[in-house]
């Protein structure tokens, strides 16, 4: 899809999932701001994005808004599951059970940051993914722990539609 931005070697592992993200409310984030830098499947799912913080994601003090950081982590940490997904195992990326963010230092609007996500554990039904937003000097600015629950049905059939586009 022309609006997804990937580095030459990274996109194939997570493109199907990101294509779905581009159809939802996070379309602006995916289409205009995040760029996939790398993605790996072994030994665990990881993904790295580059992001220049847009003014629309800022708070009144000119820094990344906490809610915007949570949105960024929701998308990026979920993307870390894509490289390890297979039919019947995290193929639908699950749903969020808990997303906990810790804000360590401000991230100014206009700054370019690295967003890193790594699958800590992915069992049959529950996954834990950690994420970090780092500034250009490598300083950790925001961290998160994302707990997800699989919605993959037993037997590999498609999950029931409940109103979304999945």
> Can you find even one residue in segment 4-26 that is modelled with pLDDT of 85 or more, over 30 Å from residue 153 (Cα atoms) and in a loop (DSSP other than H, G, I, E, B)?
Replying inline: no
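Quick grid of which residues meet (1) surrounded by fewer than 22 Cβ atoms within 10 Å (Cβ to Cβ); (2) under 19 Å from residue 48 (Cβ atoms); (3) in contact with a strand residue (DSSP E or B) (Cβ under 8 Å, 6 or more places away or on another chain):
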{"site": "58", "(1), (2), (3)": "yes, no, yes"}
{"site": "91", "(1), (2), (3)": "yes, no, no"}
{"site": "105", "(1), (2), (3)": "yes, no, yes"}
{"site": "119", "(1), (2), (3)": "no, yes, yes"}
{"site": "131", "(1), (2), (3)": "no, yes, yes"}
{"site": "137", "(1), (2), (3)": "yes, yes, no"}
{"site": "143", "(1), (2), (3)": "yes, yes, yes"}
>> Name the residue that is surrounded by the fewest Cβ atoms within 10 Å (Cβ to Cβ), counting only residues in segment 30-56 that are assigned to a helix (DSSP H, G or I) and modelled with pLDDT of 90 or more.
In response: 55
> What pairs can you find where one residue is in segment 26-43 and more than 14 Å from residue 81 (Cβ to Cβ), the other is part of a strand (DSSP E or B) and at pLDDT below 75, and their Cβ atoms are less than 7 Å apart, with a gap of 6+ or different chains?
Replying inline: 36/6
> Taking the condition within 23 Å of residue 147 (Cβ to Cβ), in contact with a helix residue (DSSP H, G or I) (Cβ under 7 Å, 6 or more places away or on another chain) and in a loop (DSSP other than H, G, I, E, B), does residue 93 pass?
Replying inline: yes
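The values are calculated or read from the model by the stated rules, or taken from the named source; none is laboratory data. Please read these numbers as outputs of a predicted model, since none were measured by experiment. Neighbour counts run over all protein chains shown; Cβ positions are idealised from the backbone, glycine included.
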